[in-house]
Amino acid sequence: MHQLPIHKIFVAGFAFATVHWKKILEISIIPVLISLPLLMSAPELIALAKQMFANKLSEPPIFLDNTGLYLALFFYGHLSLSINLYRLVVLGEQSVSILPVLEFAKIARFIGLTLLVGFVSMATLIMNNLLWLSLLISFLVVPITLNFVNIAIGNPIKYRWELSFPAQLNLFFLQVVVPMLIVLLFGSLSRMLALDIGVEWAARVLAFYWSSITLALCYQLITKESQSNT
């Protein structure tokens, strides 16, 4: 892949969301509902996590009784919605429904890839608190994230994508930099203007939908060019 036009993907992403907003809303209903228990307790959990990282707790933290269940439901909702968004972009509206993903093999593969990418990307930040190193690692592994779309549509995982440096850089910008800037911008505005924390969470939701839709669009461009070259 020699190029990945950012401006065209921006336009295509917004156009897709505008045309298919009803279907996006439909496939979001159940994932959002099963994620609500964790989202409603999120402020308390975030405050507790900040205290833990700052070493301000004098005794072991006490979590809510159902925190593990809430996390599992949230993760499943996130996973199911991600898969359906990828399928919606690549395969069309007929490939998804209001029901969440129930295919165990697909779920297991998606979880495995999520843990791999998450661990590789965040390990350096957690251990060394070096944002630049975490971003560098994210740049190196970002082609692997295209396999989320492969899993969603039932294709085998691909280990080599043969992206050019500009294409990989643009993919990194779309998948890492833009979502991060969205969250940072809205988070800063909400704190400056003393707005509700819901503004920052809305930004996170927007970043999630943005990254999911644009990843699938990038996948389409990359695979289409790869097929035309063979």
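Only the coordinates and a few stated rules stand behind these numbers; no lab work does. Note that the structure is predicted; figures quoted are calculated from it, not measured.
Near S41, no amide H atom lies under 5 Å from its own; only residues 5 or more places off or on other chains count, and H is placed 1.01 Å from N.
Classify the stretch 167-230 from the C-alpha gyration tensor, please: rounded if a/c falls under 1.5, else prolate or oblate depending on whether a/b exceeds b/c.
Working: a/c = 7.39, a/b = 3.13, b/c = 2.36.
Since a/c reaches 1.5 and a/b is larger than b/c, the shape of the stretch 167-230 is classed as prolate.
Remark: the stretch 155-171, residue by residue, has Karplus-estimated 3J(HN,Hα) of 8, x, 5, 10, 8, 10, 9, 6, 7, 6, 4, x, 5, 5, 5, 5, 5 Hz, where x stands for each Gly or Pro and the curve is 6.51 cos²θ - 1.76 cosθ + 1.60 at θ = phi - 60°. Using each residue's phi in the stretch 208-221, evaluate 6.51 cos²θ - 1.76 cosθ + 1.60 at θ = phi - 60° and report the 3J(HN,Hα) Karplus result to the nearest Hz, with x for Gly and Pro. In residue order, the calculated couplings are 4, 5, 4, 5, 5, 5, 6, 5, 5, 5, 4, 4, 4, 5 Hz. The gain in end-to-end length when the V11 to N155 segment is fully stretched comes to 49.2 nm, 0.36 nm per residue minus the alpha carbon separation.
Sequentially through the stretch 80-87, phi angles give Karplus couplings (6.51, -1.76, 1.60; θ = phi - 60°) of 4, 5, 4, 4, 5, 5, 4, 5 Hz, Gly and Pro residues having no value and appearing as x.
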